[in-house]
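Notes follow once the structure below has been shown.
The values are calculated or read from the model by the stated rules, or taken from the named source; none is laboratory data. Remember, predicted model here, so these are calculated numbers, not experimental data. Here the Cβ positions follow ideal geometry from the backbone for every residue, glycine too, while neighbour counts run over all protein chains shown.
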Amino acid sequence: MPRIKKAEELIKQSDKPNPSITRLSKQPQLVKGMKDVLPHDQIYWEHIRSIVKKIGDDYLFMRIDTPIVEHLNVYTAGLGKQTDIVEKEMYSFTDQGGDNLALRPEFTAGIARAYIEHGMVSLPQPVKLYAFGPLFRHEKPQEGRYRQHTQWNCEVIGEGKPVVDAQLILLGYKLLTSLHIKPIVQVNSIGCRSCRIAYRESLVEYYRARRASLCDDCKRRLNKNVLRLLDCKVETCQSLISKAPPIVDSLCDACRDHFIAVLECLDELEIPYQPNPHLVRGLDYYTRTVFEFYAVMNTNESDVQSARMAALGGGGRYDDLIEMFGGLSTPAAGFGIGIERVVMKLKELEKASGTKLIPRRAEPEIFVAQLGEQPKRRAMVLYEDLLREGFTVAAEFAKDSLKAQLEIANKCNATLTIILGQKELLDGSIIIRNMGGGEQEVIDIKKLIPTLRKKLHGEQQKGG
Ligand code: AMP
């Protein structure tokens, strides 16, 4: 059978209903708490990824990609058994081989595991790493809170000086400000293992006196891990948090000096911050500095209050984690910024200001239109030639009507449209249409590239 005949036969057959297909009784749907990032939003993501890459390069951070699946104990041991993430939110499962595994709910523990496992301690210290990817937490879904979200994470492992904490804050601040978001950093110190002993005692004493007002989780955590009471999101417990003894009063001299040095560095860098004496950041591995990024529309205090509900990111120092994992005593610090929330904030700002805050994809310089089967195939080759010459090009080869193609060219804001029909193909010419004014000219197809260059970039044709 000739090839074209055979193709026609196949097309005819595919039009008939397929008797072997069993339809699902219900259409597949997005899993609750998950989110599709649709094509029209990709510009935000691409732009953020490019900034993150630039910051990584500017500050000598190396990218690391750890697996989404880790052994469960990476998180139970690292984050703490009484944390919300481990107790309530982790996607954990036993696989076919009987291994207890979890989808990563955060980056730091997996990166600490990788640092030890790959002997990064033998690299020049500190090791500066960044990651970008999805995290999974079975939280109650709501605006800005998903069961899969994406974080940009930066970690500095192997250095304990306060300047590292401030530089990490600077990096997060830079991402946000380069996206026109006005950040404010809330910062606290939760001390080290030794100064936290006294603090825990004063906290237990404070909460014991108010036990009756606590939620069930807090009652349970009171004797096991009292610091976690400062993370509780239940309203009645929240009101107790604001009157709880501040940890800064219990800091040892070394931790207090460290905290002051971080704040002095932030002052020097002119990064706006607010000390928040009750910020503890929900995980057991933190030591000394903890911080969170919030966005403010303006510096009005009530805006700061409402922004408090939706942190864009956060992090802190975790000087004991590597040792807890069986490595050498290795100070470290890091932070993560939630990309979905940043994109939300960006769109909110664009809406409020009525301006596009990030660069849109470049509009095509040339739309390639065609009329007829042979010109269409020739135009497809021409499209490749134009790309190779560095032009931004668009076309819709599946459309036959010139009118429909010109409409698309208009919609995508092409500067010029070149039109190749049967006649042009025969006499070696091509039409160039200026989409602004609609005027057209016919030129020798051999002169197409220099003519386009001249029209679009003002370059002189070689040889006249
Ligand atoms: P965390 O690791 O909990 O400190 O979160 C760091 C940042 O990630 C937060 O400030 C949010 O921007 C983002 N984030 C955390 N959990 C979620 C979530 N469930 N949905 C969307 N973004 C999240």
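Tabulated values for the structure
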{"quantity": "Output for the range 302-354, where each listed residue is assigned to a strand (DSSP E or B) and either at pLDDT below 95 or within 11 Å of the ligand (Cβ to nearest atom) (or both)", "calculated": "Gly313, Gly314, Gly315, Gly316, Gly334, Phe335, Gly336, Ile337, Gly338"}
{"quantity": "Any hit, the range 405-413, residues being away from the ligand (no atom under 16 Å from the Cβ), β-branched (Val, Ile, Thr) and either outside any loop (DSSP other than H, G, I, E, B) or over 35 Å from the mean Cα position of the chain (by Cα) (or both)", "calculated": "yes"}
{"quantity": "Lone qualifier among Cys237, Cys232 - being touching a helix residue (DSSP H, G or I) at 6+ places or on another chain (Cβ under 6 Å), modelled with pLDDT under 90 and not assigned by TED's automatic domain parsing to the domain that holds Ser329", "calculated": "Cys232"}
{"quantity": "Residue among Ile85, Ile55, Ile43, Ile116 that alone is in a helix (DSSP H, G or I), within 16 Å of the ligand (Cβ to nearest atom) and either on the phi > 0 side of the Ramachandran plot or out of contact with any His (no Cβ under 9 Å at 6 or more places or on another chain) (or both)", "calculated": "Ile85"}
{"quantity": "Test: residue in the range 228-239 that is surrounded by fewer than 19 Cβ atoms within 10 Å (Cβ to Cβ), under 21 Å from Asp84 (Cα atoms) and within 16 Å of the ligand (Cβ to nearest atom)", "calculated": "yes"}
{"quantity": "Filter result for the condition that a residue is part of a strand (DSSP E or B) and within 16 Å of the ligand (Cβ to nearest atom), over Ala131, Ala109", "calculated": "Ala131"}
{"quantity": "Single condition Pro364 does not satisfy, out of (1) within 24 Å of Leu425 (Cα to Cα); (2) within 16 Å of the ligand (Cβ to nearest atom)", "calculated": "(2)"}
{"quantity": "Of all residues in the range 414-439 being in contact with a Lys or Arg (Cβ under 8 Å, 6 or more places away or on another chain) and exposed (fewer than 13 other Cβ atoms within 10 Å of the Cβ), the one that is farthest from Glu365 (Cα to Cα)", "calculated": "Gly428"}
{"quantity": "Residues located in the range 35-73, provided they are surrounded by 18 or more Cβ atoms within 10 Å (Cβ to Cβ) and at pLDDT below 95", "calculated": "none"}
{"quantity": "Filter pass, Gly97 being away from the ligand (no atom under 16 Å from the Cβ), loosely packed, with under 14 Cβ neighbours inside 10 Å and farther than 27 Å from Asp36 by Cβ", "calculated": "yes"}
